[in-house]
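Notes for the one structure printed next.
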Amino acid sequence: MKKTETPYISTTNACKLCKPLGACVAFRGIEGAIPFLHGSQGCATYMRRYIISHFREPMDIASSSLGEKQAVYGGEANLKQGLLNVMNKYNPRMIGVATTCLTETIGDDVPGIMRNFRKEAVACSGEGLPHLVEVSTPSYSGTHMEGFHSAVRSVVDQLVRNREPWDGVSLFPGFVSPADVRHLKEILHDFGLPAVVLPDISESLDGPALEDYEKIPAGGTPLNQIENMGGSRASLELGRTLQGWESAGALLERKFGVKRHLLGLPVGLRETDRFFALLEEITGKETPRSHALERGRLIDAYVDAHKYLFGKRAVIFGEEDLVVGLTAFLAEVGIQPLLCATGGKSGQLEKAVTAVTSDILEDAPAVKEGVDFHEMEEEIQTLSPDILVGHSKGYQLAKRFKIPLVRVGFPIHDRFGGQRILHLGYRGAQVLLDEMVNQFLERKQAGSSIGYGYL
Ligand code: SF4
């Protein structure tokens, strides 16, 4: 290779997922909505497989089903026909259209097609249409998390209409688990603070067993509440790495003057303290006793766990804001984070990690954005961590290096109950702490020739 040539760049086992996949999850968190991919069928099949095996719920994703002909001549006709089919089959209240690599590459003007579709469909049927929201999600330029946030931003941009003041807040929780969303709603309820949670996957991606199959599952953020978000007294947006990007909360502030509070995901004690302090400020109320008790029990557990965790060394990987929260949590329980790695490229990760650890860590962890599992493997060879913390795609690394993997976030494909993992709040920190300590105890016990019964 000549010196002037750019080296060949490839990705081996990406530490991120497809961008429109995140958009589909966000759309599933809206009442009566059906996600729709403008692209080929394989995209929808891949995403359905990923989402179903994590959440263990049915996940219908419609597709405009493009083939070779449309790849050459454009997918307008397929998109319009697909929307009509979905309206007839599902009778949805909203269709969330996300683009894919193919339709972004051939340059389909999706907003223009949707405008034409609205005019033609109304003129033809004379009836009202479901809400139609479109989002641009070329997967070669981002991660599933960016697709998720872009979809939420598009919903705010295209559906919020009213600025009539009401007494509650808008909460943008980010791509967290259904259990996390349920817990956030419980906390706000206990503060007596009304809230629109967008999106709300607490039921639509973790629902009860039903006698009859529902084409569109119950739950999700009510559309009339979304329309009124412009009158919220404030917005709470979770995710430190959203700084510097016009996210849903930032857009709500610019268009409707709703004050935006950008916080870290409340993972661990101190990030959760910041979340509760803001709720105290907004409501003028003290933290409810049940949550104060959970906080106290968590500190007690931190003390008990210290002898097992202090001095251990961890590598954390996955979605950026979860990596930030987990790093804050590990640092405060005495585990040294060695490497914080993500496939995302927000440019905000290092700053966010520093913000949550600089006051308690003497040695800052290495922070790597835009990495794949191949690069992580090279790093781990020299770092020799005691534990990995991240999603299931890190299993091969854990196996190769013979160290435990604490499974968090998305996707969890090789364990049961990924949708019920609680990461947030004092209660979530307690779950993470117990899991962490038990991983080390199990390892110690398994490696002992005596087989201690007490550890
Ligand atoms: S990465 Fe692109 S081509 Fe692959 S599933 Fe996602 S949108 Fe489709």
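The values are calculated or read from the model by the stated rules, or taken from the named source; none is laboratory data. Everything numeric in this text was worked out from a predicted model, so none of it was measured. So basically every Cβ, Gly included, is an ideal-geometry build from the backbone, and we count neighbours across all protein chains shown. Note: areas computed on protein heavy atoms with side chains; ligands, DNA, RNA excluded. Shrake-Rupley method; radii C 1.70, N 1.55, O 1.52, S 1.80 Å.
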Using alpha-carbon coordinates, inclination of helix 289-309 to the longest axis of the chain, degrees: 50
Solvent-accessible surface (1.4 angstrom probe) belonging to Asp109, in square angstrom, nearest 10: 90
For the chain: accessible area per residue (Å², 1.4 Å): 45
Mean Cα-pair separation over length for the chain, i.e. relative contact order, pairs under 8 Å, 6 or more apart, %: 17
Nearest-20 debye value, the chain charge dipole, Cβ charges on Lys, Arg, Asp, Glu: 420
DSSP loop chymotrypsin sites (Phe, Trp or Tyr not before Pro) with at most 11 other Cβ within 10 Å excluded, longest remaining stretch of the chain: 9-212
Unit charges at the beta carbon, dipole of segment 88-149: most positive-side option, Ile95, Gly142, Leu129: Leu129
For segment 261-292 and segment 182-244, distance of Cα centres in Å: 18
Relative contact order [Cα under 8 Å, 6+ residues apart], segment 111-188, whole percent: 23
Charge dipole of the chain about the Cα centre (unit charges at C-beta), most positive-ward option of Ala364, Ser64, Val169: Ser64
Segment 115-173-segment 330-363 distance, computed between alpha-carbon centres (Å): 34
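What's the carbon and sulfur percent of segment 354-455's accessible surface, probe 1.4 angstrom, rounded to a whole number?
On the way: 2510 of 5240 Å².
Answer for segment 354-455 is 48 percent, counting heavy atoms of protein chains only.
Quick one: plug the Kirkwood hydrodynamic radius of the chain (C-alpha pairs) into Stokes-Einstein at 10 °C, 1.306 mPa s, and report D in µm²/s. Please report the intermediate quantities before stating the final value.
On the way: Rh = 23.1 Å.
Stokes-Einstein gives a translational diffusion coefficient of 69 µm²/s.
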Straight-distance crosslink candidates among lysines, where the alpha carbon sits under 25 Å from Lys119 and sequence neighbours closer than 8 are dropped: Lys80, Lys89
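For segment 29-90, which whole percent of the accessible surface, found with a 1.4 angstrom probe, sits on carbon and sulfur atoms? Please list the in-between numbers first.
Details: 1380 of 2760 Å².
The nonpolar share, carbon plus sulfur, comes to 50 percent.
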Segment 122-230 - percent of accessible surface contributed by carbon and sulfur, probe 1.4 Å: 49
Inter-centroid distance (Cα atoms) of segment 6-54 relative to segment 380-455, Å: 26
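Run the helix sum for the chain: -39,500 (n - 2.57) per DSSP H stretch of 4+ residues, divided by residue count, reported at 222 nm to the nearest 500 deg cm²/dmol.
Helices in the chain give a 222 nm mean residue ellipticity of -14500 deg cm²/dmol.
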Crossing angle, helix 373-383 versus the chain [Cα axis fit, 0-90 degrees, rounded to tens]: 10
On Cα atoms only, tilt of 425-446 relative to the major axis of the chain in degrees: 50
At q = 0.09, 0.15 Å⁻¹, base-10 log of I(q)/I(0) for segment 92-249 (Debye sum, equal scatterers on each alpha carbon): -0.35, -0.96
Rg to Rh quotient for segment 175-323, alpha carbon positions, Kirkwood Rh: 1.00
